[in-house]
Amino acid sequence: MTKGVKLLIGIVVLIFSVAVVFAVMGLKKSESTWVEIVQNNKVIYKLDLSEEKDRTFRIEYPDGGWNDVQIRDGHICISDADCPDHTCIKTGELRSENIPIVCLPHKLVIRFSDEGAGK
Amino acid sequence: MRAQKIARLALLTALALIIFIIELRIDIIPIPGAKLGLANIITVYAVYKYSVKETAMIVFARVLLGVIFGGNISAIIYSMAGAVFCLTGMLLVKRIVPLKYIWLSSIIGAILHNTGQIIVAVIVMRSLAVLSVYPFLIITGCVAGAFTGLCAQFLIRRNLPEKENKN
């Protein structure tokens, strides 16, 4: 095992442990009940999940395409979409502050927001 | 470039493409962007077995065709960024990492692949929100990279008949 290999293994281990630390931190549940839906970097919806009724609504993307956002029992998720990868659907319900629901093809992000919490 | 070489590179590209397309159907990890990256077995193999130019040809042909066959043209910018980062990194790392530690350069390639995709995602979405997935991508990338690296290592150890074809 040469010096270079040892060094690289060290770097990889370091990156991996840092990532684990951040990932564990990212898994903590959000205390906020406010979520914002951001499309193309503009906030288009701001919702208080604790007060929302169960419903499903569709967000259209200007260039064609849509995402169906579902709110149920105070949880929000994307239930259906016509994007090619369906990553946004597989992400499931929004749970953590640090893991937003992202639909890259439609430039859509659903995430918890703190700003609305005080209102 | 001799016809035999071209055929060999084309075969590898086709193999990588097939693996890539099959893999599209079996994504089970619910993290956006996380993949097994099985097609990179071919990339790692090529990095150690062929020249820089030849490897680059295989990888870019695979990415281009993969995007067309996968039916997700908009993903090309992510795939390309990932491929460029991964390839550059692995070609550099190859100089210090011997054949015995292919899994290591594969892991580094995987980390760089995810880094490239995240950077492009940040630029495209003009938002840092996607950064939060980054740690998860690193973790899955390390595991997947080690796996594909070991696959490539076993492949190379088999020493597929390269020399007996000397005409």
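The values are calculated or read from the model by the stated rules, or taken from the named source; none is laboratory data. Model, not experiment: these values are computed from the prediction. Ideal geometry is used to build each Cβ from the backbone, glycine not excepted, and the neighbour counts take in all protein chains shown.
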Based on this model, can you work out whether A:VAL35 counts as over 24 Å from B:GLY70 (Cβ atoms) and hydrophobic (A, V, I, L, M, F, W, C)? yes
Here's a check for you: in the range B:68-101, which residue that is within 11 Å of chain A (Cβ to nearest Cβ), β-branched (Val, Ile, Thr) and assigned to a helix (DSSP H, G or I) is surrounded by the most Cβ atoms within 10 Å (Cβ to Cβ)? B:VAL93
Given the condition of a type outside the set (Val, Ile, Thr), more than 10 Å from chain A (Cβ to nearest Cβ) and farther than 30 Å from B:PHE154 by Cα, answer yes or no: does some residue in the range B:119-137 qualify? yes
What's the number of the only condition in (1) within 30 Å of B:SER105 (Cα to Cα); (2) more than 8 Å from every other protein chain (Cβ to nearest Cβ); (3) surrounded by 11 or more Cβ atoms within 10 Å (Cβ to Cβ) that A:ILE99 fails to meet? (2)
For B:LEU155, all conditions in the list (1) modelled with pLDDT of 85 or more; (2) at the interface with chain A (Cβ under 10 Å from one of its Cβ atoms); (3) in a helix (DSSP H, G or I); (4) surrounded by fewer than 19 Cβ atoms within 10 Å (Cβ to Cβ) hold save one; what is the number of the exception? (2)
Checking B:VAL63 against (1) free of Cβ contacts under 8 Å to residues at least 24 places away in the same chain; (2) more than 14 Å from chain A (Cβ to nearest Cβ); (3) in a loop (DSSP other than H, G, I, E, B), which single condition isn't satisfied? (3)
In this structure, does B:ASN114 turn out to be closer than 19 Å to A:VAL12 by Cα, more than 12 Å from chain A (Cβ to nearest Cβ) and surrounded by 22 or more Cβ atoms within 10 Å (Cβ to Cβ)? no
Identify all residues within the range A:47-74 that are polar (S, T, N, Q) and either closer than 13 Å to A:ILE101 by Cβ or loosely packed, with under 11 Cβ neighbours inside 10 Å (or both); write none if there are none. A:SER50, A:ASN67, A:GLN70
Which ones in the range A:1-30 are surrounded by 14 or more Cβ atoms within 10 Å (Cβ to Cβ), touching a residue at least 60 places away in the same chain (Cβ under 8 Å) and assigned to a helix (DSSP H, G or I)? A:GLY26
Residue under question is A:CYS77, and the condition is that it be more than 8 Å from chain B (Cβ to nearest Cβ), hydrophobic (A, V, I, L, M, F, W, C), surrounded by fewer than 23 Cβ atoms within 10 Å (Cβ to Cβ) and under 26 Å from B:ILE68 (Cα atoms); does it hold? no
Does the range A:31-46 include one or more residues that are exposed (fewer than 15 other Cβ atoms within 10 Å of the Cβ), part of a helix (DSSP H, G or I) and of a type outside the set (Phe, Trp, Tyr)? no
Those residues of the range B:47-82 which are under 11 Å from the mean Cα position of the chain (by Cα) and closer than 23 Å to B:PHE154 by Cβ amount to B:VAL47, B:THR55, B:ILE58, B:VAL59, B:ARG62
Read through the list (1) within 11 Å of another protein chain (Cβ to nearest Cβ); (2) at pLDDT below 90, then give the number of the only condition that B:LYS49 fails. (1)
Give the residues of the range B:10-46 that are at pLDDT 85 or above and either over 15 Å from the mean Cα position of the chain (by Cα) or β-branched (Val, Ile, Thr) (or both), sorted by residue number. B:ALA10, B:LEU11, B:THR13, B:ILE18, B:ILE19, B:ILE21, B:ILE22, B:ILE41, B:ILE42, B:THR43, B:VAL44
Being aliphatic (A, V, I, L, M), in contact with a Gly (Cβ under 9 Å, 6 or more places away or on another chain) and farther than 14 Å from B:ALA16 by Cβ: is that true of B:VAL84 here? yes
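Quick check: is even one residue across the range A:69-82 modelled with pLDDT under 80 and either more than 15 Å from A:LEU104 (Cα to Cα) or not hydrophobic (A, V, I, L, M, F, W, C) (or both)?
There is no residue in the range A:69-82 that is modelled with pLDDT under 80 and either more than 15 Å from A:LEU104 (Cα to Cα) or not hydrophobic (A, V, I, L, M, F, W, C) (or both).
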